[in-house]
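We did not get these values from a lab; they are worked out from the coordinates using the rules stated. Keep in mind the model is a prediction, meaning the values are calculated, not measured. Because the Cβ atoms are built from the backbone with ideal geometry, glycine has one as well, and the counts that use them run over all protein chains shown.
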Amino acid sequence: MARNGKLHNVLVVDDSPLMLKLLEKKLGDYRLKVHVAESVETALDILKQIPIDILITDKIMPTIDGLDLVRYVYENHSNTGIIMVTSYASVEGAVEAVKIGADEYLQKPITDEKLFPAVERVIEKINIRKSQSVDNPQQYRELGGIIGQSPAMQKVFRAIRKAADSPATVLITGESGTGKELVARAIHYNSPRKDGPFVSVNCSAIPETLLESELFGAVKGAYTGSTETREGYFAKAEKGSIFLDEISSTSLQMQSKLLRVLQEKEITKVGANTVQKIDIKVIAATNKNLKELVDEGRYREDLYYRLNVLTIDLPPLAARGDDVLLLTHFFAQKFAGEYGKEPPTFTEDALRVLKNYAWPGNVRELDNLVQRLIVMSEKPSIDVADLPQHMRYTLQRTNNATKSLLQVEQEHIKLVLESVNGNKTQAAKILGIDRKTLREKLKKHAII
Ligand SMILES: Nc1ncnc2c1ncn2[C@@H]1O[C@H](COP(=O)(O)OP(=O)(O)OP(=O)(O)O)[C@@H](O)[C@H]1O
Ligand SMILES: [Mg+2]
């Protein structure tokens with residue numbers, strides 16, 4: 001008798017080698033991946049290393065009791081189902097086991113008729129549990145594959161819906177790697193234009209001399225070598241949306257041409273003397289502060305106001321709380337799937353380090369890190385030692401109840417600065433203060 005489907009990890013704990021052998025054979029034949037431990041201590045080691053789906057443990061064990069193991073697993077491994085085995089028929093024992101977290105209770109002798117249905121019931125239970133747990137990002141996969149349940153991201157989701165419903169131009173701002181392109185796609189694919197094209201143009205990647213013809217198109221003979229009339233990106237986006245990425249990097253001359261598109265909804269091909277009406281939604285993005293550029297005279301104020309009708313500001317990853325953990329699990333599942341591996345688990349310490357890290361490269365940095373971990377590591381469990389050196393220091397922080405507020409502030413500012421390699425804009429953002437306040441504090445604390 002063998003089951004189909006996913007190969008689940010089972011850990012059998014019993015101080016009798018004979019009993020272990022018997023269960024190992026039965027469960028192995030049933031097509032489960034079996035791990036065995038003769039003591040609770042060994043079981044704890046295995047639990048740290050391998051994501052165990054089902055724990056089958058004897059109730060009475062020498063040194064540490066089986067009930068303590070059940071209690072521990074119930075509290076620390078919420079995705080592990082528990083079957084408790086006992087030699088004595090006792091109603092109290094069963095009640096106690098279930099009360100502290102066992103899912104099933106089996107009395108020896110263990111027959112196939114008792115064992116396999118119990119295993120099936122537990123698998124079903126853990127599947128339901130997993131689908132409801134916060135470890136499962138599926139249910140948080142809001143619009144267009146954007147993962148996040150922090151209040152900051154909930155606000156972003158609401159803004160995306162509003163932007164999708166409105167014909168207005170949308171400006172997406174946020175540091176590099178915060179997901180601006182993902183948001184732009186989500187807006188398009190949730191808008192009435194979703195069946196039209198989504199055209200993405202990175203304005204900073206196209207040389208200034210080519211940008212005009214790339215965006216607006218060019219007629220035959222407009223410049224040397226143009227042997228036929230070409231459509232530009234704006235025309236290609238007809239009845240859909242155009243995503244103008246890195247909108248801050250355009251010249252003042254190009255800015256006035258863009259302004260005309262937004263105001264008149266018409267374009268002129270390079271070398272043409274007729275205008276062409278277009279029906280498109282414009283979504284723009286920048287990781288620079290456009291208002292600052294306007295103040296410095298490097299960006300047209302009228303274009304800024306035209307772009308800035310609906311703005312979505314993406315928070316840095318460090319300001320998204322537990323989303324870091326959700327995203328870690330999401331990327332682990334995703335890349336494990338892509339590389340044909342089992343997704344690894346992360347130790348609590350490793351997760352703490354990830355959560356406390358400043359993430360200057362935002363979601364893209366986390367995305368790359370998890371991918372690297374999965375490619376490089378064969379281990380089922382990722383611990384602090386597997387993480388890059390520069391992330392690890394966060395764990396060494398200790399609580400010291402003898403420090404003054406001033407001292408704590410000084411140390412914390414240093415720590416944050418260190419984590420972003422001295423980038424003050426980034427540090428100020430994480431600290432939730434403006435750059436001027438940060439400068440004052442640095443002076444006060446004689447840092448730098
Ligand atoms: N909330 C999220 N959930 C899932 N994946 C995300 C999320 N945010 C970003 N990503 C992923 O992170 C990577 C970077 O996102 P994206 O390219 O949209 O960032 P960006 O803000 O446009 O960055 P840049 O300014 O550097 O162009 C992509 O692979 C994207 O799929
Ligand atoms: Mg981008």
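Only four residue types carry charge here, +1 at the Cβ of Lys and Arg and -1 at the Cβ of Asp and Glu. Report the dipole size of the range 317-396 about the Cα centre in Debye, rounded to the nearest 20. Walk me through the numbers before you get to the answer.
On the way: 9 positive and 11 negative charges, 33 e Å.
Using Cβ point charges on Lys, Arg, Asp and Glu, the range 317-396 gives about 160 debye.
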Most mobile listed residue (Q333, Q407, Q154) in the chain, GNM with C-alpha springs under 10 Å: Q407
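Divide, for the range 151-313, the radius of gyration over alpha carbons by 2.2 N^0.38 Å, where N is the residue count. Walk me through the numbers before you get to the answer.
On the way: Rg = 15.7 Å, N = 163, 2.2 N^0.38 = 15.2 Å.
Relative to the rule-of-thumb radius for its length, the range 151-313 sits at 1.03.
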Sum -39500 (n - 2.57) across every DSSP H segment of at least 4 residues in the chain, then divide by the residue count to get the 222 nm mean residue ellipticity, nearest 500. -14000 deg cm²/dmol
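Size of the dipole of the range 9-132 about the Cα centre, Lys and Arg at +1 and Asp and Glu at -1 on the beta carbon, nothing else charged, in debye to 20?
Roughly 360 debye for the range 9-132.
Between F116 and E338, what length in nm is gained on full extension when 0.36 nm per residue of separation is reduced by their alpha carbon distance?
Numbers: separation 222, 0.36 × 222 = 79.92 nm, distance 3.19 nm.
Between F116 and E338, full extension yields an extra 76.7 nm.
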I want to verify a result. In a Gaussian network model of the chain, Cα cutoff 10 Å, which of these has the top mean-square fluctuation: A37, A319, A205? A205
Restricting the range 228-281 to GluC sites (Glu not before Pro) in coil, as DSSP defines it, with at most 11 other Cβ within 10 Å: E228
At q = 0.16, 0.18, 0.25 Å⁻¹, the log10 of I(q)/I(0) for the range 317-396 from a Debye sum over equal Cα scatterers comes to -0.52, -0.67, -1.32
Which one of I280, T311, G340 is farthest out on the positive end of the charge dipole of the range 256-353, using unit charges on Cβ (Lys, Arg +1; Asp, Glu -1) and the Cα centre as origin? I280
Along the charge dipole of the chain, pointing to its positive end and built from +1/-1 on Cβ of Lys, Arg, Asp and Glu, which listed residue (A350, N76, T42) has its Cα farthest out? A350
Pairs of lysines 8 or more apart, or on different chains, with alpha carbons under 17 Å: count those in the range 151-313, would you? 24
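Fewest to most neighbouring Cβ within 10 Å: what's the order for Y223, Y105?
On the way: Y223 11, Y105 20.
Placing the least packed residue first, the sequence is Y223, Y105.
Quick one: putting +1 on the C-beta of Lys and Arg, -1 on the C-beta of Asp and Glu, what dipole do you get for the chain around its Cα centre, in Debye to the nearest 20?
Values: 61 positive and 59 negative charges, 311 e Å.
Result for the chain is approximately 1500 debye, rounded to the nearest 20.
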Each label point is 7 Å from the Cα along the Cα-to-Cβ direction; what then is the distance between the points at R161 and N308, in nm? 2.7
Just to compare against my own numbers: the Cα pair-distance distribution for the chain, 10 Å bins, whole % per bin, please. 4, 16, 20, 19, 16, 12, 8, 4, 1, 0
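Just to be sure I understand: of the beta bridges DSSP finds with both ends in the chain, what percent are antiparallel, rounded to 5? Write out the running numbers ahead of the final one.
Values: 5 of 43 bridges.
Within the chain, antiparallel bridges account for around 10 percent of the total.
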